[in-house]
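Here the structure comes first, spelled out in structure tokens, and everything after it is commentary.
The values are calculated or read from the model by the stated rules, or taken from the named source; none is laboratory data. Predicted model only: the values in this text are computed from it and were never measured. Note: ideal-geometry Cβ built from the backbone for every residue, glycine included; neighbour counts use all protein chains shown. Surface areas here come from the heavy atoms of the whole protein model, side chains and all, with no ligands, DNA or RNA. Shrake-Rupley method; radii C 1.70, N 1.55, O 1.52, S 1.80 Å.
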Amino acid sequence: MSGIIGDNTSESSGSIATVSGVTTSSSDPAVDTNPSGGVGTMFVNSTSGEMFICTDSTTDENVWTNVGDGTGDIQPFIYQGTQSGYTSGSGDPTTSPANTAIEKHSYTSDGDATDWADLSAHRSYAAGHSSATYGYTSGGEPTYYIEKFPFASATNSVSTGYYLSTGAAARNTPGTTSDENYGYTAGGSPATDVIDRFSYSADGTATDVGNLLQSQSKGAGASSETHGYHSGGVPYVDTIQKFAFAASADATDVDDLTTTIQSATGHQSSTHGYKAGGYTNNGSGYTTGADSIQKFTFASDAAATNVGTTTVGRSKAASGSSTTHGYSSGSGQGAAGNVIEKFTFASDAAATDVGDLVISRGYLCGQQY
């Protein structure tokens, strides 16, 4: 390699020595490998011979593009999906037919969902989570274990054999969030204030890592890079709460939604959390459909603002987020049970109908890839 990168590389030893103007290390760079030279800096792994170029220089969130075999780029985890959204389960067990379907719809083009796979058993009121490779379902009823299915193939979901921290007992309608390494649930029914998490790297029982401000269920979740958010819920509240992913800690009060709300879908762009649809209290103890789309910023603690409306009043739907849009699928309310709709993150606007589920259903959860 002498003469390609520099004169101080070693051919005879079969390894790459330190190269002037190029960072060398025995391991790959990481997102927090901050290059002093910024974009264009070369990084060479002296063990594998792989070479990386910094293509985005942002402190602790750098992107290192592999210019060796062209795979294995080093970049921050993106929780939003880039390819597909999924819906899992359905039906109020007391009023609706049981269904185990996992459906898939595209994030790159509008269109109807297709039948992808099945859950291991019927469940509704569950929480949906997404790692980089698997979709997870936790809690719900009438089964309570954590199960998962691969995004890479149309393979049925299987039980991990483990449960949320409350064990093999009812825990439905929890809020849901995720970071790169863990799935989180917050609250649930019977009424609890527990925030718990389970690992994506090894199957196991979820652990209790904190508490919400009060016991509640049916809140909408959202995930920033550093915090999980929980907004609204039952009892009827308009509170937005957040808890840190980096440490086991209780949630804190961020600010408020524009209305009290429950059973809404939760979404996230890279900068904002969203809630869409849900039920709101009309003042007489009866609930009516809410069609508002609200957003709040991750950069500071501030109240939500109304930014659009759903296509119809809807609740108990599956939520999903691509890098550009928020998606809601199905509904446990009204005539929207088969509708897939989306709203854009780039501007404040109403949602649009972009396709249909294979089966009209509600009380379901969502995943994204």
Taking Ser300 as the residue in question, decide whether it is touching a residue at least 40 places away in the same chain (Cβ under 8 Å) and within 21 Å of the chain's Cα centre (by Cα). no
Of all residues in segment 7-39 being open to solvent by less than 50 Å² (accessible area, probe 1.4 Å) and modelled with pLDDT of 90 or more, the one that is nearest to Ile78 (Cα to Cα): Val31
Would you confirm whether any residue within segment 279-290 is within 25 Å of Gly135 (Cβ to Cβ) and touching a residue at least 24 places away in the same chain (Cβ under 8 Å)? no
When the residues of segment 263-314 are narrowed to those that are farther than 21 Å from Gly330 by Cα, modelled with pLDDT under 95 and outside any strand (DSSP E or B), which ends up most open to solvent (accessible area, probe 1.4 Å)? Tyr286
Answer residue from segment 335-354, given it is open to solvent by 10 Å² or more (accessible area, probe 1.4 Å) and part of a strand (DSSP E or B) and is farthest from Glu103 (Cα to Cα) among those: Thr344
Give me the strands (runs of 3 or more DSSP E) completely within segment 93-162, filtered to those with at least 3 residues that are open to solvent by 50 Å² or more (accessible area, probe 1.4 Å), ordered by residue number. 114-118
Pick from segment 197-211 the residues that are of a type in the set (A, V, I, L, M, F, W, C) and surrounded by fewer than 22 Cβ atoms within 10 Å (Cβ to Cβ): which of them is nearest to Ile146 (Cα to Cα)? Ala202
Given (1) assigned to a loop (DSSP other than H, G, I, E, B); (2) under 16 Å from Asp301 (Cβ atoms), number of the condition Asp238 does not satisfy: (1)
Looking at Ala247, is it assigned to a loop (DSSP other than H, G, I, E, B), aliphatic (A, V, I, L, M) and within 24 Å of Asp196 (Cα to Cα)? yes
Being out of contact with any Lys or Arg (no Cβ under 7 Å at 6 or more places or on another chain), open to solvent by 10 Å² or more (accessible area, probe 1.4 Å) and in contact (Cβ under 8 Å) with a residue 60 or more places away in the chain is the filter here, so list the residues in segment 166-188 that pass it. Thr176, Asp179, Glu180
Return the residues of segment 189-204 that are over 18 Å from the mean Cα position of the chain (by Cα) and either of a type outside the set (Gly, Ala, Ser) or in a loop (DSSP other than H, G, I, E, B) (or both); say none if nothing qualifies. Pro190, Ala191, Thr192, Asp193, Val194, Ala202, Asp203, Gly204
So which residues in segment 220-241 are over 15 Å from the mean Cα position of the chain (by Cα) and either open to solvent by 10 Å² or more (accessible area, probe 1.4 Å) or aromatic (Phe, Trp, Tyr) (or both), if there are any at all? Val234, Pro235, Tyr236, Val237, Asp238, Thr239
